[in-house]
Each structure stands twice: as C-alpha cells, then as structure tokens.
Amino acid sequence: MNRHIDRERQIIYCDRNYEVRPLGLREAAALYDAVHQSARAISEWEAWCSLDYSPADAKQFLQRSIEHWNMGAAYDFNVIERPTGLVVGSVAINQISQLNQLANLGYWVREGRTGRGIAVLAARAAAAFAFGKTGLTRLEIVAQAGNLRSQRVAEKTGATLECLARNRLVFHGEPRDAKVFSLVPSDLGLSVPAAA
C-alpha cells in the first residue's frame, strides 16, 4: 500500500467552477486568507485553527503537507473557486492505518461559501482518490456531536452513521463525544481494491 503518487499531478476534480488539488508553497497566502476569513467558524470545531492563525502557520502546514504526501502519511487537497482563484475549502485523507487500510476524511469550507455543496463535492473526490490510488478500503468521518453541518456533509457524501462514540476526540485538551461515519468503496459505486 506504500505507493508513490506524484503530488504535482493530482487534480482530483475539476469543472468550470471548482478544482480540487494540492496547493504549492507559493500559494500559502491564498490558504492563509481562506482560513483567516473563516477562523471563527472553523475554530469552533477544529483545534488546529485559532483566531490568531498566521501566514507562517499556512506555510508550515503546506510544508508538512508536502512531507506527509511524500511519505504516504496524508493527502491534503484544497478547493479552488476557478472564476475567482480563491481557496474556498480543504479536504484531507489523514491518520492513515496501512495495516487496516483505513483513514480519516476531514473537510472545511470558507465562510461565505458554505451551503453550496462544496464540501460534499470535495469529500467525494477525495474518497474516490483514496479508494482508487492508495489501497484504502475504509474512510471515517468523525464529527463532534454538536457539529451538525459536518454531519450533514457526511450524510450527503453517502457515508453511513455508525455510532456516537464517547470521548472520541480531544479538543483543546478535553475529550469530546463524536459521531463516526464510514465510507467504503461501494458507497461511491466503486469496487474494493485488489490486494497488493
């Protein structure tokens, strides 16, 4: 399952409005702008985001993203609004367990662009990438119990709610209950990848 996937050639979705692809270091300012404009909403549910998120944080994230991609440890993509060039969201395959062929699927959308199906589009594209290119057979979407928007995205993506897991996440040092959704290849109409 440790396959090299060329990061530079991974546009996993493109239509006239949106493109889903990895960002390069030169695009740190665009990523910073998206997170900064949305920090209040994102930080309510994501510990990595804070109101003092900085351009250096964006650059460091992109550097780590490239390193993780090259190691096969995580695959981060950003959603670009093609007419404006704005970063309008992000989707990631991370916390990969090669032994169990599973990973986490996470996403966020820029404030002012929510409610347009962008997260669903990006999540489905990332899931198809994960199942088709990495050998994964299960993705989990783990959303804090109160994060109804994220749960709706999981449902619209085709994921199955499996449980309310107690103390499933730690958020700023506190354990939190979370709903766990799963996606498997058949949820997207794909076959299970053959064993390598």
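For the structure I just gave you, tell me whether LEU62 is farther than 26 Å from VAL180 by Cβ, in a loop (DSSP other than H, G, I, E, B) and in contact with a helix residue (DSSP H, G or I) (Cβ under 8 Å, 6 or more places away or on another chain). No, not satisfied. Scanning the range 149-181 for residues that are β-branched (Val, Ile, Thr) and over 19 Å from ARG116 (Cβ atoms) turns up THR160, VAL170, VAL180. Of the residues making up the range 113-144, just one is part of a helix (DSSP H, G or I), of a type in the set (Lys, Arg) and either buried (at least 19 other Cβ atoms within 10 Å of the Cβ) or in contact with a strand residue (DSSP E or B) (Cβ under 6 Å, 6 or more places away or on another chain) (or both), namely ARG124. Checking each residue in the range 137-169 for being of a type in the set (A, V, I, L, M) and either in contact with a Gly (Cβ under 6 Å, 6 or more places away or on another chain) or touching a residue at least 60 places away in the same chain (Cβ under 8 Å) (or both) picks out only ALA143. Identify, please: which residue in the range 7-61 is among the β-branched types (Val, Ile, Thr) and open to solvent by less than 70 Å² (accessible area, probe 1.4 Å) and is, among those, modelled with the highest pLDDT? The residue in question is VAL20. Scanning the range 145-192 for residues that are at pLDDT below 95, within 15 Å of the chain's Cα centre (by Cα) and in a strand (DSSP E or B) yields nothing.
Condition (residue is of a type in the set (D, E, K, R) and open to solvent by 40 Å² or more (accessible area, probe 1.4 Å)) applied to the range 94-110: is it met by at least one residue? Checked against the condition, which is being of a type in the set (D, E, K, R) and open to solvent by 40 Å² or more (accessible area, probe 1.4 Å), the range 94-110 yields no hits at all. Among the conditions (1) farther than 18 Å from GLU19 by Cα; (2) open to solvent by less than 30 Å² (accessible area, probe 1.4 Å), LYS179 misses just one, which is (2).
The values are calculated or read from the model by the stated rules, or taken from the named source; none is laboratory data. The structure presented is a predicted model; accordingly, all values stated were derived computationally and were not measured. We place every Cβ from the backbone using ideal geometry, glycine too, and count neighbours over all the protein chains shown. In case anyone asks, the SASA skips ligands and DNA or RNA and just uses the protein heavy atoms, side chains included. Shrake-Rupley method; radii C 1.70, N 1.55, O 1.52, S 1.80 Å.
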